[in-house]
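Quick notes on the structure that follows.
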Amino acid sequence: MLQDLRTYVRWWPEIKSVIPVNEDRAVVLIMGVLPYSLEILMDKEIDDPSTGVLRAGLSGDLEGFSSWTVKTEGSGCRLVYEQQVEVTKRLLQLLAPAARPLFRLNHRLMMSRGETGLRNYLASDKA
């Protein structure tokens, strides 16, 4: 399910749209609680079921990568999300010195809502 970015709009409220470019690339529009959006081009870099790693390169308003790693843990699994990004959107760079605490809060809310949305989606019959 994590491989198909189109499903993210169903469970992650801040993912507003996903426009596939091809099998390994999509344009993703993200908007948190603050009044700005991020447009990111995501390129699949790693999709390795044997290690449980799914990683995408990011360009556009953010540059870097994001990854999911699924690890067996007891009778279930642990899903680890990691990202390393640099903000390239000029407006956010200009506002960062004063607005950094708000940006961090916005990010924490987005990640928390994503986790809750994914848990609920997986528990439903939609997954």
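Here is how the numbers come out for the structure above:
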{"read-out": "Condition broken by residue 74, with the remaining ones in (1) without any contact (Cβ under 8 Å) to a residue 12 or more places away in the chain; (2) more than 22 Å from residue 1 (Cα to Cα) satisfied", "value": "(2)"}
{"read-out": "Looking only at region 36-69, and only at residues there that are touching a residue at least 24 places away in the same chain (Cβ under 8 Å) and among the hydrophobic types (A, V, I, L, M, F, W, C), the one that is surrounded by the fewest Cβ atoms within 10 Å (Cβ to Cβ)", "value": "68"}
{"read-out": "Failed item, numbered, when residue 118 is tested on (1) free of Cβ contacts under 8 Å to residues at least 40 places away in the same chain; (2) within 13 Å of residue 11 (Cβ to Cβ)", "value": "(1)"}
{"read-out": "Considering residues of region 11-32 that are touching an Asp or Glu at 6+ places or on another chain (Cβ under 8 Å) and without any contact (Cβ under 8 Å) to a residue 60 or more places away in the chain only, the residue surrounded by the fewest Cβ atoms within 10 Å (Cβ to Cβ)", "value": "24"}
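Yes or no, residue by residue, for (1) at pLDDT below 95; (2) within 17 Å of residue 11 (Cβ to Cβ); (3) touching a strand residue (DSSP E or B) at 6+ places or on another chain (Cβ under 6 Å):
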{"residue": "39", "(1), (2), (3)": "no, no, yes"}
{"residue": "45", "(1), (2), (3)": "no, no, yes"}
{"residue": "68", "(1), (2), (3)": "no, yes, yes"}
{"residue": "74", "(1), (2), (3)": "yes, no, no"}
{"residue": "100", "(1), (2), (3)": "yes, no, no"}
{"residue": "113", "(1), (2), (3)": "no, yes, no"}
{"residue": "125", "(1), (2), (3)": "yes, yes, no"}
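The values are calculated or read from the model by the stated rules, or taken from the named source; none is laboratory data. Predicted model, so just to flag it, every value in this text is computed and none were measured. No Cβ is skipped: glycine too gets one built from the backbone with ideal geometry, and neighbour counts run over all protein chains shown.
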